[in-house]
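So the structure is just underneath, and the comments pick up after that.
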Amino acid sequence: MSIVNDTKLQPAVFFLTGIPGQEDVYVWISILFCLMYVTSILGNSLILFIIKTDPNLHEPMYIFLSMLAISDLGITISTMPTTLGIFWFNSREISHDACFAQLSFILSFSFTESSVLSSMAFDRFVAICNPLRYASILTPSRIAKMGLVSLLRGVGLIFPLPIFLKQYRYCKDNILSHSYCLHQEVMKMACSDIMFNIVYGFFVTVSSVGLDLLLILLSYVMILKTVLSITSHVERLKALKTCITHICVVLLFYMPGICLSVIYRFVQSSSPLFQNVLGNVYLLIPPLINPIVYSVKTKPIRMRISRLFVN
């Protein structure tokens, strides 16, 4: 497709829709979203504070949990300004540069979180399948390297996307059907050849999320194989119990994202409202629920939180 040269056709800004058809109840929706954002920020910050201030929690599993909390905070803070701006001030305009920056942050933190979740699966694999070598395999330096690789991979893979988006001309409808900038939505606005972003976006998804899911699956196959070889029923349940929290978090993170990606790529008949709700679930619910799940299911964190508020 040729690039349109008429600069008059190029809109200076994008317009965010918010939640279509629900404008009459924006006040109530804004209260719900604000509570979710505040709870997410406070919950993940509390997890970070507890892990940092309690030396007993300076173990690999909790360090990975800290990385997960940082990723969740990044996703929350990246989406919060535009979403609440629509609900509170009807501020729907967003410049191209701001839009590209927002979608870059969202994607970078999302891919980083995916990598952290695969690292957490590896942690459970070592703890159950090689418990005697746990301390020697997951050393502090190795954990730091895994965290750095997760961050660099998340940023490095996403870096080319906004650069190419910035080169395109946008002569089509400039209304985005979400309360934040989504890469798939922005690409639809371009009147240039977007084949690179389509192919590269697919490559990034497969090589990051696809690889992480494969590693998580392999980890749990090996874990299940080891657990089934344990003769004691009590010990078998105890080993599986340590994985339940991580499995819940994995499903909570990947399922909405996969569904959203499939809908945008292959399902053209889904309603805009459904896509919008699913997009908000994808970015809002995991950062909100993750600290709650780990606080309830992880005894050391639960006890530490109890002591913190009781004292």
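The values are calculated or read from the model by the stated rules, or taken from the named source; none is laboratory data. The shown structure was predicted, so the numbers you read here are calculated from the model rather than taken from an experiment. Methodologically, a virtual Cβ is constructed for each residue, glycine included, from the backbone with ideal geometry; neighbour enumeration extends over all protein chains shown.
From the list Ala101, Ala69, which one is within 24 Å of Ile244 (Cα to Cα) and in contact (Cβ under 8 Å) with a residue 60 or more places away in the chain? Break it down into steps so the answer makes sense when it comes.
On the way: Ala101 fails: within 24 Å of Ile244 (Cα to Cα).
Going through Ala101, Ala69 in turn, the sole match is Ala69.
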Given Ala69, Ala135, Ala98, which one is under 22 Å from Leu213 (Cα atoms) and aliphatic (A, V, I, L, M)?
Ala69
Can you confirm whether Ile285 is of a type in the set (Val, Ile, Thr), surrounded by 13 or more Cβ atoms within 10 Å (Cβ to Cβ) and modelled with pLDDT of 85 or more?
yes
Residue, surrounded by the most Cβ atoms within 10 Å (Cβ to Cβ), within segment 11-39, restricted to residues that are part of a loop (DSSP other than H, G, I, E, B) and of a type in the set (A, V, I, L, M):
Ile19
Condition met for Phe49 (assigned to a strand (DSSP E or B) and surrounded by fewer than 19 Cβ atoms within 10 Å (Cβ to Cβ)):
no
Do we have Phe111 as of a type outside the set (A, V, I, L, M) and within 22 Å of Ser177 (Cα to Cα) here?
no
So Ala98 clears everything in (1) over 12 Å from the mean Cα position of the chain (by Cα); (2) more than 20 Å from Pro162 (Cβ to Cβ); (3) assigned to a helix (DSSP H, G or I) except one condition, right? Which one?
(2)
Mind checking which residues of segment 278-311 are of a type outside the set (A, V, I, L, M, F, W, C), touching a Leu at 6+ places or on another chain (Cβ under 7 Å) and without any contact (Cβ under 8 Å) to a residue 40 or more places away in the chain?
Tyr282
I'd like to know if segment 198-211 contains one or more residues that are closer than 30 Å to Gln22 by Cβ, in contact with a His (Cβ under 9 Å, 6 or more places away or on another chain) and touching a residue at least 12 places away in the same chain (Cβ under 8 Å).
yes
Taking the residues in segment 208-263 that are basic (Lys, Arg) and modelled with pLDDT under 90 as candidates, determine which candidate is farthest from Ser108 (Cα to Cα).
Arg236
Might you check whether a residue that is more than 30 Å from Phe87 (Cα to Cα) and part of a loop (DSSP other than H, G, I, E, B) occurs anywhere in segment 287-294?
no
